[in-house]
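Some notes on the structure that comes next.
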Amino acid sequence: FTVTAGVRYTGDHRTMRSGFTDIVAPLFPPGNATTAPYYAGKSASNVSWDVSATYKLNPDTSLYARIATGFRAPTLGEPGAGIGIQTTRAETTISYEAGVKADLFERKARLALDGFYYDVSNQQLSAVGGASNVTQLINATHTIGYGSELEFEVHPVTNLTFNVNGSLNITRIEDPGLIVAVGGGVPAGDASNIAYTKPNGFGGTNYYSDINGNPLPQAAKWVADVSLRYDIPLDTSGKLYVYTDWSYRSGINFFLYESKEFDGPALTQGGVRLGYTWADGKYDAAVFCRNCTNQIRTIGGIDFADSSPSRRSRRIS
């Protein structure tokens, strides 16, 4: 039985002075000028810690558990049209993980399985877009994540290696009343994905979406990889090999809000490689194919244009 612990103190202070003070007038038309403050500073300190334990059931199997905290200092963001220097609150995290690692079948196979849970307080997020292409920094009260990971590798026969790994990842923003503006124009009569409306400062209307309960952007719920390799030793001390690998991820959300226009469908990609390696792997020559099924997916987007309403975020009181 082994226990490991650690502690760390962090002190952070940062300042920013905006260069926009000298070029506001020529850069932005009247009414869109960057607003104060042009100078900002933030200080924060934190004590984070980590405790882990491992218990060896037998020479081939171990159980482990870990609890850890983390810290991210406040962020200062560049100003844009109508926005002075931006600041966020400090971000803290506590995470839990437990699992098992084992060698199986007379060490012809390895298995690792775990479960995890984490809670990020005041997570720092970015809302990007708007007619002026402003990146706005915001804090979410909590972001919850939990899931499980599996990795299994086996050598069923000589020179054959099979590997499979995958994970379940659930993420959720928990901040009732936190909303972001929907990029692009949304017809006033279309209530889909519109939680709230609010007149903006440019004579138009911003459409807002409540992001409480949404997953984090680019956070696929399911991820999996499978690979297979077979080596053919040669008398010349080198060896031929054939290798194939396949990966899968479920659909993703591009932005903080959810929209049919801005989500990425599930993606499956496969590859094949035929090669020759020699000098104990120092040299390798191969022909290969990536994305052999020619599957094409959009993996990101831009949700603003010059004519779109300016994007902002605000909290409902």
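The values are calculated or read from the model by the stated rules, or taken from the named source; none is laboratory data. Source: prediction; values computed, not measured. Backbone-built Cβ (ideal geometry, glycine too); neighbour counts: all protein chains shown. All accessible areas refer to the heavy atoms of the entire protein, side chains included, with ligands and DNA or RNA removed. Shrake-Rupley method; radii C 1.70, N 1.55, O 1.52, S 1.80 Å.
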**Q.** Fraction of alpha-carbon pairs over 12 Å apart in region 223-277 - percent
**A.** 71
(Q) Leaving ligands and nucleic acids out of the surface, order 1, 288 by accessible area at 1.4 Å, largest first. (A) 1, 288
Q) When all alpha-carbon pairs of region 101-179 are counted, what percent fall beyond 17 Å? A) 65
(Q) Suppose accessible area is computed on protein heavy atoms with a 1.4 Å probe; arrange 12, 175, 235 from highest to lowest. (A) 235, 12, 175
Q.
Could you give each residue of region 255-261 its phi-based ³J(HN,Hα) in whole Hz, using Karplus coefficients 6.51, -1.76, 1.60 with θ = phi - 60°, and x for Gly or Pro?
A. 10, 5, 8, 9, 7, 5, 6
Q | Phi-based couplings in Hz for region 262-267 (Karplus 6.51, -1.76, 1.60; Gly and Pro marked x) | A | 10, 10, x, x, 4, 10
Q. Rounded to the nearest 10 Å², what accessible area does residue 246 show when all protein chains are kept and the probe is 1.4 Å?
A. 110
Q) From the phi of every residue in region 165-171, what ³J(HN,Hα) in whole Hz does the Karplus formula 6.51 cos²θ - 1.76 cosθ + 1.60 yield, where θ is phi - 60° and glycine or proline is x? A) 8, x, 8, 10, 10, 10, 10
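Any chance you could run the full-extension gain for residue 284 through residue 13? It's 0.36 nm times the residue separation minus the Cα-Cα distance, nm to one decimal. The partial results should precede the final answer.
Details: separation 271, 0.36 × 271 = 97.56 nm, distance 4.95 nm.
Result for the pair: 92.6 nm of gain on full extension.
Ordering 106, 91 from largest to smallest accessible area (1.4 angstrom probe), what's the sequence? Don't skip to the answer; put the middle values down first.
Working: 106 170, 91 25 Å².
Final ranking, largest accessible area leading: 106, 91.
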Q.
Can you compute the modelled spin-label distance between residue 294 and residue 258, with each label point 7 Å from Cα toward Cβ, in nm?
A. 3.4
